[in-house]
Every structure is written in structure tokens, then in C-alpha cells.
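Structure first, then comments.
Throughout, read-outs are computed from the coordinates displayed, never taken from laboratory work. Just so it is clear, the model here is predicted, and its values are computed rather than measured. All Cβ positions, even for glycine, are placed from backbone atoms using ideal geometry, and neighbour counts span all protein chains on display.
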Amino acid sequence: MQQYDIIIIGAGIVGSMVARTLSRYDLDILWIEKESDICTGATAANSAIVHGGYDAMPGSLKAKMNIAGNAMWDQLAAELQFPFARTGTYVVAIGAEELAALDELKRRGDAGGVPTEIISGAAMREREPSINAEVSGALYCPTGGICDPWAATIAAAENAVMNGVELRLNTAFEDFIWDSESANQRISESANQGIGETSKIVGVKTNQGDFYARWIINAAGLFADEVMHKAGVRPEFHITPRRGEYYVMDRIKVQINNVLFPVPSKVSKGILVTTTLHGNTLVGPNAKEIADKTDVAVTAEGMREIWDGAQKLVPGLSQRDVIATFAGLRPGGNAPCIGCATPYNKDFIIEIPENVAGFVNLGGMESPALTAAPAIAERVVALLQGAGVDLRVKADWNPIRPARPVFRHLDRKAQAALIAQDSRYGRVICRCETVTEGEIVAEIHAPIPATTYDAIKRRTWLGTGRCLGGFDMPRVVDILARELGVAPLSVSKKGEGSEFLHRRTKA
Amino acid sequence: MKTTYDVIVIGSGPGGLAAAIAAKKGGADDVLVLERDIELGGILLQCIHSGFGLETFKEDLPGPSYAQRFADEAKAIGVEYLLDTMVLDVTPDRRIFVTSSRGGLLELHARAIIMAMGCRERTRAQIRLPGPRPAGVYTAGTAQRWVNVEGYMPGKRFVILGSGDIGMIMARRLTFEGAKVEGVLEVMPYLTGLSRNYVQCLLDFDIPLHLSHTVKRIIGKNRVEAVEAVAVDERWQPIPGTEEIIPCDTLLLSVGLIPENELSLKAGVTLDPVTGGPYVDDGFQTNVPGIYAAGNVVHVYDLVDWVTQAGITAGKRAAQQITNGKWQMANGVPTQAGDNVRYVVPHKVNPETLTEDTLMLQMRVTRPLEQPVRIEVRDGETVIASKNERYVRPGEMVNLTLRGRDYDAVRQAKSLTAAVVPR
């Protein structure tokens with residue numbers, strides 16, 4: 001029997017921040033993820049914004065966690081050595097009728113102590129010359145910023161693993177294991193339809209066997225509702241994925257300097273036009289409710305919708321400059337807010353449920369969960385402490401995750417020195433994004449090894465440029481096969497069933 | 001290692017090799033070719049089908065053999081080259097930064113640079129193809145590399161979107177390898193590649209071509225499982241009720257090529273938004289003095305022989321320029337696209353250099369005309385030169401050669417407008 005102190009389910013940004021934060025303490029932690037890599041669900045495809053926190057409903061967990069999380073990013077970026085830029089963000093009003101929406105956002109920001117400022121249309125035009133000429137004003141939030149969700153998640157996860165967390169990929173949660181006494185009790189309770197004494201979870205069943213722990217943390221993202229239902233918690237809570245589609249623009253052709261939101265709609269923050277840490281302009285997302293939690297298809301209608309939305313902010317964009325399309329899912333649910341003055345039922349869930357012991361429940365982790373994740377992790381620590389878990393800081397905990405060299409970010413002298421050290425850094429494999437063999441090999445042998453094409457892509461940015469990997473793909477398949485000691489035929493895009501190649505050609 | 005050269009050529013495909021040879025023969029002392037792959041020849045090395053060299057050698061050669069002739073000649077006359085070497089940056093003052101495992105990071109300098117980077121394939125993003133992102137969606141050229149260079153089949157049941165030449169050639173190649181090619185879908189109402197490839201690669205192998213059809217969406221999460229094909233109207237909009245699910249495990253895209261000019265842009269070269277390549281004069285010099293461009297980096301050609309010709313011209317002119325020291329792109333006579341002409345290359349004809357035997361204007365038509373036509377070059381209303389064709393098709397380039405007898409008129413012209421008119 002494998003006994004742990006804590007099992008974490010799910011390796012998105014929330015799971016990674018929880019794992020990293022808990023790795024500080026003297027605990028045996030198992031971390032399970034159903035996919036072949038971390039960072040493949042909601043975290044993998046979103047707007048990459050670290051929100052200021054002015055638009056979450058005042059009093060909600062979303063607002064509190066957003067504001068607290070936002071403040072933590074500078075230190076996180078420094079410790080985990082991932083890129084982050086506090087660029088400030090803008091909500092742009094087009095035409096006089098949209099100006100009122102800025103006041104409402106400013107009020108919300110003031111309520112939470114989020115610094116915001118309403119600037120004139122002329123000032124906005126000056127800061128972003130390509131903005132719609134009918135801009136009437138903008139809400140500027142200086143504490144907003146941009147991140148690379150892949151880099152942040154992978155860095156946090158790697159730091160967790162460096163500090164002793166045991167990560168098991170391809171391990172899918174199936175059910176909970178209950179303490180036998182409380183399990184019997186639970187059956188009789190459900191027969192009586194009453195809420196009686198607390199039942200206790202002692203482990204999880206997975207496709208890779210059973211694992212036992214004193215505490216299980218649900219960080220299952222899009223699937224958090226299914227996990228909590230297996231625990232008998234919040235049967236009325238459902239995650240309804242809202243899909244958002246995006247365009248990535250060629251950075252040589254399109255230069256947007258800022259993070260530009262439209263005034264928000266009822267269902268989302270609207271279709272934005274934003275700069276990214278990689279210099280590419282990102283356009284999107286729309287918000288479409290869908291039934292399938294794995295359906296990340298882009299659609300003709302969705303692409304039309306984001307294009308119309310983007311042109312409202314920046315009319316001069318051209319679809320000819322689109323170099324990539326993708327879609328992501330928002331794992332939003334119907335959790336009521338406790339602290340909100342006005343009714344609000346889209347809050348985060350961060351709790352130890354009353355009637356289930358040994359279970360920390362997280363849910364509804366849509367935007368601003370990326371921003372909030374480090375604060376959510378601290379709140380999980382507080383909950384565990386409150387429940388009497390003995391949390392002793394490890395003497396040898398190391399908060400620093402050393403970044404690996406990124407060839408394209410170095411100056412010529414440093415590039416030459418790196419190649420002199422390891423000649424594989426001299427060989428460029430991805431021509432559009434200038435990713436070298438050395439970087440790819442380093443990721444394959446990293447603390448969390450990249451074993452698929454997409455895993456390498458998320459870690460190096462390879463294959464994200466104009467040719468979408470057409471040039472690098474055969475070369476990366478070769479390198480993966482060589483480094484992993486497998487045949488090229490078994491190299492995959494994103495795990496089993498997604499192999500690139502079918503068979504050898506005829507002799 | 002030597003770091004200063006008379007001429008540096010970026011890319012060793014047919015344009016680059018021809019340019020390097022011509023520059024060397026034309027009097028450039030030292031000529032260096034930079035190639036990112038491990039052999040000279042560029043994309044020709046994966047084009048193992050025949051059909052190359054009919055104009056140049058009056059022979060029907062496979063791509064690698066065609067490339068080898070130029071590679072051999074280049075080596076024989078002392079053209080230097082660096083393989084497995086990527087160019088990181090080119091500056092307007094003709095410094096070139098390259099990197100390789102063997103040589104490390106180098107700064108090179110050239111008196112003249114010839115850009116010969118070729119082109120890249122349009123991707124699913126550029127046609128905004130709906131669906132998720134499973135394995136099994138590849139550009140035709142990537143699949144071609146896997147099959148012909150690496151020796152792997154990327155699937156067993158294929159659908160090909162786009163009737164570009166590489167897609168049609170791959171349809172035949174995959175069939176030879178025992179794969180099933182369900183068909184080729186083309187959104188336009190006409191073929192976009194060469195008619196000869198339609199006959200030799202599709203018709204001869206009973207592979208259906210569906211004009212005015214496209215892929216409405218890709219189906220499959222981990223690996224392609226099917227595509228939903230649909231007929232489109234004259235505005236390329238799907239016609240409801242014509243959808244058909246075609247089971248397959250691989251979708252190949254042959255939906256166009258884009259001249260690859262990111263390095264040109266770094267060097268300050270101005271691009272023509274229609275061709276995607278640099279504005280060039282009749283010697284293939286760009287707006288940046290001493291920087292030339294040759295081959296598919298300028299505009300997408302239909303036959304390798306014309307690429308070779310362009311390389312020869314660029315190489316020769318670069319060598320001449322080094323000897324005579326005339327660096328500025330001259331104020332030449334501009335060319336213009338007239339009726340049913342999408343673009344004309346070169347963009348400018350320099351009257352001072354009209355000393356060659358012939359000057360070829362190359363163009364592509366906007367829409368097919370399946371009837372006898374006349375190709376004309378006019379200065380205003382005055383026809384300077386013309387020729388007859390039986391038809392014109394967007395997939396097939398139109399060449400019009402100006403000769404010595406036309407040059408007086410060219411010198412006096414305000415502009416040269418190319419047009420295609422029915423006869």
C-alpha cells in the first residue's frame with residue numbers, strides 16, 4: 001500500500017501552484033495527472049493575462065484571490081525564473097455609450113483597493129496608435145500584466161518536483177477510497193437522505209492503481225465537478241465549459257503594444273487584442289457554452305466572431321497575418337458567492353467540505369484563476385493548517401527553479417559562449433522561433449521530462465511560429481526518438497494515440 | 001576561418017546554387033553558400049519525382065539529380081559552403097550572423113548578398129481550417145520530407161486539401177507506397193497546380209479531384225479520424241446539404257506557398273504584398289543596395305528551370321556590381337499588372353542594363369481563361385511586345401520575353417503594363 005500525506009489531483013496552474021506551495025512542508029505528496037504532460041487543460045489555452053482584479057465581483061473569492069494572487073507574481077517570477085511583465089491593462093470604451101461601463105469597473109476596483117485610472121480617448125490613442133479612432137476613453141490598471149501560462153505552470157511544477165513532490169502522469173482519477181467505517185456510515189446516510197456525521201476519504205483509485213493519503217486535493221480543473229461528486233460534495237455544482245477561440249498574429253506584421261480589453265459582456269471579459277511575452281499579438285476569445293469538456297476545436301463561426309470583436313478595438317488588423325488558431329475552455333461553474341452584496345453564482349470554490357474529511361475541494365477555476373493560483377495555493381495551506389495538519393517547513397526547501405538557457409533571448413556573446421559549452425545549442429531546429437537542439441534536449445531530460453512534441457512546444461515555444469512546425473516536426477521526432485531511446489514510430493504529438501507516423505516506407 | 005566574402009548566398013536550392021555559380025563565373029573572387037540542411041540542394045532533395053530540367057538540360061531529371069549537377073559544378077569551381085548552418089540575422093550593411101553546431105556563432109560580411117531562402121507552405125491557420133488539433137494534419141511538403149528523406153509513412157488513409165503541385169505529387173507518391181488517397185479537394189473552381197501534375201498524379205491513378213470543395217472541419221482529437229468535406233459556392237461559402245464525412249487518418253495541406261522573407265525584412269528589404277517577395281529590378285536587386293533575391297523567395301515559380309534562370313541573373317549582376325561598383329538600384333521603368341494579371345516580376349526594368357540578349361517578364365494570371373489569349377506588354381496604348389497562348393491558368397506562370405528589338409521602346413516607356421486579353 002502506498003501511503004502519502006497528500007494527493008493532488010490535476011496539474012494545471014492551480015494544481016502546480018498548490019504542489020509547489022505544499023512542497024515547502026515536510027509532507028509526502030503524490031500528484032496525479034491524467035494526461036501525458038502537465039498543463040494541458042484550461043491552463044494551456046487562455047489569454048495569458050495576470051489580471052489587476054477590478055472586474056471580479058466585490059466580496060467574492062474571485063476578487064479576493066485575484067487581488068492577492070496578482071501581488072504574488074513578481075516574487076514568483078523571480079523565484080521560479082519565468083517571464084512576466086507588469087505591463088498594465090486597458091479596458092477600452094468605443095463611442096460615448098460605453099464610457100459608463102468604465103465607471104462601474106472603476107467602482108469595483110476601488111472596492112477591492114485595485115489601482116485604476118480612467119484616461120481619455122486621446123491618451124489611449126497616444127499609447128496605442130492603431131486603436132479604433134472612435135475610442136472615447138479607457139480604464140487603465142497599472143498592476144495588470146502578461147505571463148506565459150505554460151512557462152509559469154511548468155516552472156512551478158518543476159520546483160515542486162525538485163522539492164520532492166512525486167508526479168505521476170497518465171494517471172487518471174477514477175474514484176475515492178473511503179475509510180471502511182465511514183463508508184458504511186455513508187451508505188446508511190444516503191439511505192436516510194440525511195446529513196449525519198462526517199465520512200472520511202483515505203485514498204484514490206486510478207487507472208494506475210490505488211493510492212492512499214490523509215488528504216486529497218481536488219485541482220481537476222474542467223473535471224473538478226466530477227471529482228467532487230464522487231466525494232458526495234456539491235451535487236448541484238456543474239462545470240459548463242465555455243470555449244474561447246483565438247488567433248495568433250505574426251509579430252513581424254502586427255505590433256500591438258498593450259493589453260486591450262473591450263468593455264466586458266455578461267459572459268466574459270470580451271474579445272481582446274493583446275500583446276504577449278513572445279511579441280505576437282493575440283486576438284480572442286469568444287465565449288461559447290459547450291457540452292464536451294475536451295472539445296477544443298476552432299469553428300468557422302467562432303473565428304468570424306473573434307475577428308469582428310478584434311476589429312472593434314483595432315480596425316486595421318488583417319486576417320492574412322494570422323499564423324495560428326487555437327481554442328481553450330473556461331472551467332466555470334455555478335458556485336454561489338458568500339461574501340457578495342449582490343447575488344453572484346460564478347465564484348471559486350476553495351473549501352474543506354463540512355461532511356467529508358480528508359478532502360480539499362477546489363472548483364470553478366475559470367478566469368481569474370491563472371492570476372489567483374498562487375493565492376489559492378496559500379489558502380489551501382491555511383485550510384489544511386486550520387484542519388490541524390502539522391505543516392513544518394523543510395529545512396532544505398529550495399524556492400528557486402533555475403531557468404534553462406533560451407538561445408533566442410541571449411545576446412550574441414552569450415550565444416557563442418553557450419555553443420562553446422554545448423555545441424547542440426548551435427543547431428537551430430525551429431527556424432521561425434529560433435529554438436535549438438540544445439534547448440530541446442534539455443527539456444527531454446528535465447526534472448519533468450518532455451516526452452511528446454506538444455510538451456516540447458510548451459516548454460520551448462518551438463512550432464508556434466509561421467510554419468506551425470512544418471519545418472521542425474520531422475527533426476523533433478528524430479531528436480525525441482534518439483533521446484528517449486524509442487523508434488520514431490512511437491513518438492507522439494500528445495501521448496498515446498497521437499503518434500505522428502504510421503510505418504516505414506517500402507524498402 | 002575567413003569571414004569576408006565578395007558574395008554570400010543564403011540557401012542552396014536551385015536559385016541559390018545557380019546564383020553562386022554565376023557569381024563565381026562572373027568574376028566574384030570568393031563566394032559562400034549558407035545552407036541550413038545537411039546537404040546542398042534545398043527542397044529539391046525531397047522532390048524525388050521526375051520532371052526537372054526539361055528547359056535547362058532538355059532532360060527529365062528527378063529533383064536530387066538536378067540539384068546534384070549544380071552542387072557538383074559549384075564545388076568544382078571553388079564555391080565555398082557551410083552546411084547545417086542557420087542564418088540568424090542579416091543587416092542592411094550586409095553583415096550576416098550564422099550559427100551551427102560545428103562552427104558556433106559567426107559574423108560574416110559580404111559585398112553582395114543573394115537571398116535564396118525559397119518559400120514555405122501555407123498552414124491550416126492561414127486558411128483558418130476549423131477543428132481540433134490532432135496529429136495527422138501536415139503540410140504536403142512535411143509529409144514529402146518524411147516519406148522521401150526520412151523513410152516514414154505519416155499515415156495510411158489520406159485526404160489532400162488543395163490542388164497545389166506538392167499535394168498532387170504526394171497523392172501519387174503515397175499511392176505508390178500503398179496508402180489510400182481518398183481524394184483532392186480544391187476550394188477554387190479550377191486547378192491551382194500544373195495541369196501535367198493533374199494528369200500524371202491524379203488522373204492516371206484514379207484519385208478524384210473535387211473542385212469547389214473544401215474541408216469544413218477536421219474530426220479527431222488525438223489523431224485525425226475523418227474530415228467533413230463540403231462543396232462551396234462562388235464566394236467560397238459552404239453549400240448546406242453537401243457535407244460528406246470522409247474517414248481518413250491524415251489530412252495533407254497543399255494550399256499555397258509563401259516566399260520566406262523574414263531575413264529580407266531584417267535586412268531592410270521592402271516586400272511586394274502581392275507576391276510576398278521583395279520588389280526587384282531586372283537584375284533581381286532589391287531596394288537595399290547589394291542585396292539581391294533569387295527564386296521562390298521573390299515569387300512562387302511553377303518550374304525549377306525559371307528559378308535557375310533567376311539565380312543566374314542575380315549571381316551575374318551581383319558579380320558585375322562588385323566589379324563596376326554601381327550599388328544603387330537604378331530608377332528603372334516600372335512594370336504593372338494589367339487586365340487579368342495578378343503581378344509582374346521584375347517590378348522595375350533598368351534601361352542601363354538592357355544589354356542582355358533577352359529580358360523575361362514573369363507573371364501569374366488572376367483567373368483562368370480556357371480560350372486563345374494574347375499576352376501583351378504595353379506602354380499606355382502602345383503594344384511593345386506580345387505573344388499568343390492557347391489558354392492561361394493561375395497555376396501556370398506566363399513568361400513574356402523582351403528582346404533587343406524591343407529595347408528602344410522599353411527605354412522610352414513610362415511604364416510597362418502586362419495584360420492578358422482574349423483573342
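Relative contact order, percent, of region A:407-490 when contacts are C-alpha pairs under 8 Å separated by at least 6 residues? Kindly include the intermediate steps, with their values, before the conclusion.
Working: 96 pairs, mean separation 20.0, N = 84.
Relative contact order of region A:407-490: 24 percent.
Which percent of the Cα-Cα distances in region B:330-423 go past 23 Å? Display every interim value, and only then the final one.
Numbers: 820 of 4371 pairs.
The share of Cα pairs beyond 23 Å in region B:330-423 comes to 19 percent.
What FRET efficiency do you get for B:Thr366 and B:Asp233 if R0 is 25 Å and r is their Cβ-Cβ distance, rounded to the nearest 0.05?
On the way: r = 19 Å, r/R0 = 0.76.
Efficiency, from the Cβ-Cβ distance: 0.85.
Expressed as an acute angle from 0 to 90° and rounded to the nearest 10, what is the orientation of the C-alpha long axis of helix B:14-25 relative to the principal long axis of chain B?
10
Could you state the number of Å between the C-alpha centres of region A:251-321 and region A:22-36?
What the calculation gives is 35 Å, centre to centre.
If you take each beta carbon of peptide B:391-402 and count the beta carbons of other chains within 10 angstrom, what is the mean?
Details: counts 0, 0, 0, 0, 0, 0, 0, 0, 0, 0, 0, 0.
Whole-number average of other-chain Cβ neighbours for B:391-402 is 0.
How crowded by other chains is B:214-226, given as the mean number of beta carbons from other chains within 10 Å of each beta carbon?
Numbers: counts 0, 0, 2, 4, 2, 1, 2, 8, 8, 8, 1, 0, 0.
The mean count of partner-chain Cβ atoms within 10 Å per residue comes to 3.
At most 14 other Cβ atoms within 10 Å and a DSSP loop assignment: could you name the GluC sites (Glu not before Pro) in region B:338-423 that fit?
Numbers: sites: B:Glu352, B:Glu356, B:Glu370, B:Glu376, B:Glu381, B:Glu389, B:Glu396; in loops: B:Glu356, B:Glu370, B:Glu381, B:Glu396.
Qualifying residues, ordered by number: B:Glu370, B:Glu381.
Using only DSSP helix segments of four residues or longer, with each worth -39500 (n - 2.57), what per-residue ellipticity at 222 nm results for the protein assembly as shown after dividing by its residue count and rounding to 500? Intermediate results must be reported in sequence, preceding the final value.
Values: 20 runs with 231 residues, N = 930.
Calculated from helices alone, the mean residue ellipticity at 222 nm is -7500 deg cm²/dmol.
Answer rounded, prolate or oblate for chain A, using the Cα gyration tensor with square roots of eigenvalues a ≥ b ≥ c: rounded when a/c is under 1.5, else prolate when a/b is larger than b/c, else oblate. Spell out each step's value before the answer.
Details: a/c = 1.68, a/b = 1.11, b/c = 1.52.
In terms of gyration-tensor shape, oblate.
List the trypsin sites (Lys or Arg not before Pro) within region B:367-415 that DSSP assigns to loop and that have no more than 15 neighbouring Cβ atoms inside 10 Å.
On the way: sites: B:Arg374, B:Arg378, B:Lys387, B:Arg390, B:Arg403, B:Arg405, B:Arg411, B:Lys414; in loops: B:Arg390, B:Lys414.
Answer by residue number: B:Arg390, B:Lys414.
Could you pull out every whole DSSP H run in chain A that spans at least 20 Å of Cα extent along its own axis and averages 1.0 or higher on the Kyte-Doolittle scale?
Membrane-span-like by this criterion, though nothing is claimed about a membrane: A:369-386.
Taking R0 as 51 Å, what FRET efficiency do you get between B:Asn324 and A:Ser265 from their Cβ-Cβ distance, rounded to the nearest 0.05?
Details: r = 65 Å, r/R0 = 1.28.
The calculated FRET efficiency here is 0.20.
For chain B, just say rounded, prolate or oblate: build the C-alpha gyration tensor, square-root its eigenvalues into a ≥ b ≥ c, call rounded for a/c under 1.5, and beyond that prolate if a/b exceeds b/c, oblate if not.
oblate
On a full-extension model of 0.36 nm per residue, what is the gain between A:Arg392 and A:Glu301, subtracting their alpha-carbon distance, rounded to one decimal in nm?
Numbers: separation 91, 0.36 × 91 = 32.76 nm, distance 5.30 nm.
The A:Arg392-A:Glu301 span can extend by a further 27.5 nm.
If I take the Cα coordinates of region B:97-156 and project them onto the principal axes, what are the three extents in Å, biggest first?
Principal-axis extents of region B:97-156 (Cα, largest first): 47, 29, 18 Å.
Looking at chain B, what % of its DSSP beta bridges pair antiparallel, to the nearest 5?
Values: 54 of 90 bridges.
Once the DSSP bridges in chain B are tallied, antiparallel ones form about 60 percent.
Mind pulling the angle between the C-alpha long axis of helix B:63-76 and the longest principal axis of chain B? Nearest 10 degrees, somewhere in 0 to 90.
Taking the Cα atoms of chain B, the angle to B:63-76 is about 20 degrees.
P(r) for region A:407-490: what percent of alpha-carbon pairs falls in each 5 Å bin, starting at zero?
3, 16, 27, 25, 19, 9, 2, 0
Could you order the peptides B:310-320, B:271-281 from most to least packed, using the average number of other C-beta atoms within 10 Å per residue?
Numbers: B:310-320: 26.5, B:271-281: 20.4.
With the highest mean Cβ count within 10 Å placed first, the list reads B:310-320, B:271-281.
Can you tally the lysine pairs in region A:194-344 where the Cα-Cα distance is under 18 Å and the two residues are eight or more apart, or on different chains? List each step's numbers first, then the result.
Working: A:Lys200/A:Lys230; A:Lys205/A:Lys230; A:Lys230/A:Lys293; A:Lys266/A:Lys288; A:Lys266/A:Lys312; A:Lys269/A:Lys288; A:Lys269/A:Lys312.
Lysine pair count for region A:194-344: 7.
Nearest-5 percent of antiparallel DSSP beta bridges in chain A?
70
For region A:75-190, what is the relative contact order in percent, using Cα pairs closer than 8 Å and at least 6 residues apart in sequence?
On the way: 129 pairs, mean separation 37.9, N = 116.
Relative contact order, region A:75-190: 33 percent.
For a quick check of your reading of the filter: which GluC sites (Glu not before Pro) in region A:285-355 sit in a DSSP loop and have no more than 12 other Cβ atoms within 10 Å? Before the final figure, lay out each step's value.
On the way: sites: A:Glu289, A:Glu301, A:Glu305, A:Glu351, A:Glu354; in loops: A:Glu354.
Those satisfying the criteria are A:Glu354.
Can you tell me, using C-alpha contacts under 8 Å and at least 6 residues apart, the relative contact order of chain B as a whole percent?
Values: 1064 pairs, mean separation 68.1, N = 423.
Normalised by residue count, the contact order of chain B is 16 percent.
So in the protein assembly as shown, what percent of DSSP beta bridges are antiparallel if you round to the nearest 5? Could you put the intermediate results ahead of the total?
On the way: 105 of 162 bridges.
Within the protein assembly as shown, antiparallel bridges account for around 65 percent of the total.
For every other residue with a beta carbon closer than 10 angstrom to the beta carbon of B:Thr366, add +1 if it is Lys or Arg and -1 if Asp or Glu, then tell me the sum.
Details: positive: B:Arg342, B:Arg364, B:Arg367; negative: B:Asp339.
After counting each charged neighbour, the total is +2.
How many partner chain Cβ atoms sit within 10 Å of a residue's Cβ in peptide B:104-113, on average, as a whole number?
Numbers: counts 9, 13, 2, 2, 0, 0, 0, 0, 0, 0.
Mean number of neighbouring Cβ atoms from other chains: 3.
Which Cys residues of chain A have no other Cys beta carbon under 4.7 Å away?
A:Cys39, A:Cys141, A:Cys147, A:Cys430, A:Cys432, A:Cys467
How far, in degrees from 0 to 90, does helix B:165-176 lean away from the longest principal axis of the Cα atoms of chain B, to the nearest 10?
That works out to roughly 50 degrees.
Please work out the Cα center distance from region B:184-234 to region B:242-257, rounded to the nearest Å.
What the calculation gives is 6 Å, centre to centre.
So what's the gap between the Cα centers of region A:84-103 and region A:129-181, to the nearest angstrom?
24
Taking square-rooted eigenvalues a ≥ b ≥ c of the alpha carbon gyration tensor, is region B:123-255 rounded, prolate or oblate, where a/c under 1.5 means rounded and, failing that, a/b exceeding b/c means prolate? Before the final figure, lay out each step's value.
Numbers: a/c = 1.70, a/b = 1.16, b/c = 1.46.
Oblate, because a/c is 1.5 or more while a/b does not exceed b/c.
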